[in-house]
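Chemist: Please see the structure below; I have some questions.
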Amino acid sequence: MYQSFIGLEVHIHLLTKTKVFCGCRSAFGDEPNTNICPVCMGYPGVLPSLNAEALRMGCVVAAALNCAIPERTWFERKQYFYPDMPKNYQISQFASPLGRDGYLDIEGRGIQKQVRIKECHLEEDAGKMIHTGAASLLDYNRAGMALLEIVTEPDMETGEEAELFIQQLRRLVRYLGVCDGNMEEGSLRADANVSINRAGRGLGNKVEIKNLNSSRFVRLGLTYEILRQSALLDAGKPVVQETRLWNQNRDQTEQMRVKENAHDYRYFPEPDLPVFAPDPAFLNAVKAGLVELPLPRTGRFERDYGLGAETAEALCDEKALADYFEEAAALAETFGLSRADGAARLANWLLTDMKRALSRAGVSPAGIGSFTLTARRLASLVSLVALERVSMKNGKQAFEEAVRDDRDPESIIKERGWERLTDSDLIGEAVRKVADAEARTVDLVKAARAAGNRKRERSLTAYLVGKVLEATGGRADPKIAGAHLNALLTPPSPQPPQPPAV
């Protein structure tokens with residue numbers, strides 16, 4: 001009955017060492033009001049100075065989002081009462097954002113859509129208010145941090161699409177190395193704009209939802225708001241243009257204030273900052289900051305390595321993890337594995353054993369590049385197991401020791417004597433000893449074979465092979481052990497009668 005229109009305003013903290021218009025340290029978690037100066041505190045007579053690295057990072061994001069970078073860009077003052085910004089205006093961009101008219105393709109969970117990017121503009125963040133009972137405390141450390149706002153067109157229709165957009169944008173900026181994407185720390189925040197109307201009638205009255213500090217809350221808040229607005233229209237009541245907050249304790253939106261229009265902010269050009277015209281050197285620096293992005297990289301992993309969609313997506317979730325995988329896969333080929341076999345085996349180890357090891361060590365997948373088990377070490381170990389030079393059991397043990405002691409797993413295998421035993425005579429001797437100790441099982445195998453019960457025969461034979469492996473410390477080659485067992489269990493062929501001697 002109703003059509004929904006959703007647009008997002010996503011704010012990301014750029015990973016600059018200093019703030020965007022002054023030299024104060026830009027960092028999360030420092031003692032309150034320790035990273036401040038007269039500029040970010042808005043003292044009279046101070047002059048802002050643009051952080052060139054913030055501008056470069058912002059343009060890198062804009063380029064990755066397929067936006068056009070203008071020939072000239074400048075800043076404006078956005079006039080508004082900010083209790084957490086002393087000068088009562090924000091240096092932002094309005095008439096000339098550093099990127100416009102781009103798009104981001106989102107894909108996953110049955111969703112495939114292109115979301116248009118209206119603009120990307122650079123601005124300074126406000127401070128932080130902490131409310132404690134009847135008092136409000138102000139921390140200005142965040143005031144003046146470099147903030148890039150990414151504004152979409154109202155192309156999304158459901159909370160699920162908006163959630164997927166946030167998740168894929170977060171991966172993108174982390175890949176680019178311009179933002180850590182920690183929503184719980186406020187370095188990536190989203191405001192959502194939603195309106196509904198009868199199908200074919202265009203946009204309705206827009207409602208903005210703030211306080212969405214996770215992609216899940218984006219989905220829940222928008223889903224709730226669409227239902228709330230639908231109920232109003234069904235009852236013949238208007239939807240008021242306003243700003244609402246998401247109350248995560250009650251799972252509902254609540255009114256914050258009547259929404260201002262853009263002209264309420266009284267923008268005018270910032271007189272203390274000159275117009276910026278990017279030169280070829282700057283544009284080359286922006287181009288150098290671009291990398292292969294998560295979505296196309298996931299597709300390439302599927303094509304080039306033969307991986308399933310879910311596996312490829314899991315490996316490409318973090319750039320460092322995807323880089324590690326590709327380095328290890330290339331090394332596995334030099335160790336004798338085919339590309340597809342090596343990739344499949346490495347992906348399995350990375351997403352199981354390595355994931356657990358990282359978690360135990362308190363290391364995120366983004367930190368895998370500095371982990372004790374290097375890509376070369378993992379590729380070597382996986383190749384030894386795949387080429388059957390070491391058993392899976394001993395390979396797992398070598399993995400654990402290599403992680404614990406920061407050692408080369410191949411050296412551990414040699415030191416422990418865990419190389420695969422392929423000496424047929426030694427394995428044959430072990431088989432005979434097991435057969436003597438397991439005489440009852442041997443008789444059962446023979447009986448199952450005579451009765452044609454292949455399933456029971458295979459089960460009992462596997463048990464005997466396991467006993468041989470146990471007797472040799474997991475080193476015996478199972479194929480050779482199986483061949484010896486088969487020979488032992490197979491009665492000799494009857495000899496044809498010999499003609500009498502003449």
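Any read-out appearing in this document is the output of simple, stated calculations on the displayed coordinates, not a laboratory observation. Since the model is a prediction, treat every value here as computed from it, not as a measurement. All Cβ positions, even for glycine, are placed from backbone atoms using ideal geometry, and neighbour counts span all protein chains on display.
Chemist: Helix-only estimate, please: 222 nm mean residue ellipticity of the chain, summing -39500 (n - 2.57) across DSSP H runs of length 4 or more and dividing by its residues, to the nearest 500.
Modeler: Calculated at 222 nm, the ellipticity per residue is -12500 deg cm²/dmol.
Chemist: Computed from these coordinates, which is semi-axes √(5λ) of the Cα gyration tensor in Å: (1) 36, 35, 21; (2) 35, 28, 24; (3) 64, 27, 21?
Modeler: (3)
Chemist: Between rounded, prolate and oblate, where does the range 80-220 land on the alpha carbon gyration tensor, with a ≥ b ≥ c its root eigenvalues, rounded for a/c under 1.5, else prolate if a/b exceeds b/c?
Modeler: Numbers: a/c = 1.62, a/b = 1.53, b/c = 1.06.
Prolate, because a/c is 1.5 or more and a/b exceeds b/c.
Chemist: If I stretch the segment between Arg266 and Ser364 completely, what's the gain in nm (0.36 nm per residue apart, minus their alpha carbon distance), one decimal?
Modeler: 30.8 nm
Chemist: Could you go through the range 126-134 in sequence order and give the Karplus-derived ³J(HN,Hα) for each residue, using 6.51 cos²θ - 1.76 cosθ + 1.60 with θ = phi - 60°, rounded to whole Hz, and x for Gly and Pro?
Modeler: 8, x, 10, 9, 10, 9, 10, x, 8
Chemist: Could you go through the range 145-156 in sequence order and give the Karplus-derived ³J(HN,Hα) for each residue, using 6.51 cos²θ - 1.76 cosθ + 1.60 with θ = phi - 60°, rounded to whole Hz, and x for Gly and Pro?
Modeler: So the J values, rounded to whole Hz, are 5, 5, 10, 9, 9, 10, 10, 9, 7, x, 9, 8.
Chemist: Follow-up question, since we're still on this one. Would you mind checking the pairs Lys78/Lys210; Lys393/Lys414; Lys396/Lys446; Lys118/Lys210; Lys113/Lys355; Lys128/Lys319 and listing those with alpha carbons more than 23 angstrom apart?
Modeler: Lys396/Lys446; Lys113/Lys355; Lys128/Lys319, as the Cα separations exceed 23 Å there.
Chemist: Does the range 294-416 come out rounded, prolate or oblate, given a ≥ b ≥ c as the square roots of the eigenvalues of its C-alpha gyration tensor, rounded meaning a/c under 1.5 and, failing that, prolate meaning a/b above b/c? Could you put the intermediate results ahead of the total?
Modeler: Values: a/c = 2.16, a/b = 1.33, b/c = 1.63.
Oblate.
Chemist: Rg to Rh ratio, the range 2-287, alpha-carbon atoms and Kirkwood radius?
Modeler: Looking at the range 2-287, the ratio lands at 0.96.
Chemist: Give the share of C-alpha pairs in each 10 angstrom bin for the range 424-489, from 0 to the last occupied bin, in whole percents, shortest bins first.
Modeler: 24, 57, 18, 1
Chemist: To the nearest 0.05, how large is the calculated FRET efficiency for Arg250 and Glu310 if R₀ is 35 Å and r is the Cβ-Cβ distance?
Modeler: 0.50
Chemist: Additional query: Per residue of the range 103-118, in order, report the coupling 6.51 cos²θ - 1.76 cosθ + 1.60 (Karplus, θ = phi - 60°) as ³J(HN,Hα) in whole Hz, putting x for Gly and Pro.
Modeler: Listing the rounded values in order: 6, 9, 7, 10, 8, x, 6, x, 9, 9, 8, 9, 9, 6, 9, 5 Hz.
Chemist: Relative to the present Cα-Cα distance, how much length would full extension add between Ala330 and Ala27 at 0.36 nm per residue of separation?
Modeler: 105.3 nm
Chemist: Please compute the length gained on full extension between Ala451 and Glu242, using 0.36 nm multiplied by the number of residues separating them and subtracting their Cα-Cα distance.
Modeler: Here the segment from Ala451 to Glu242 would lengthen by 67.1 nm.
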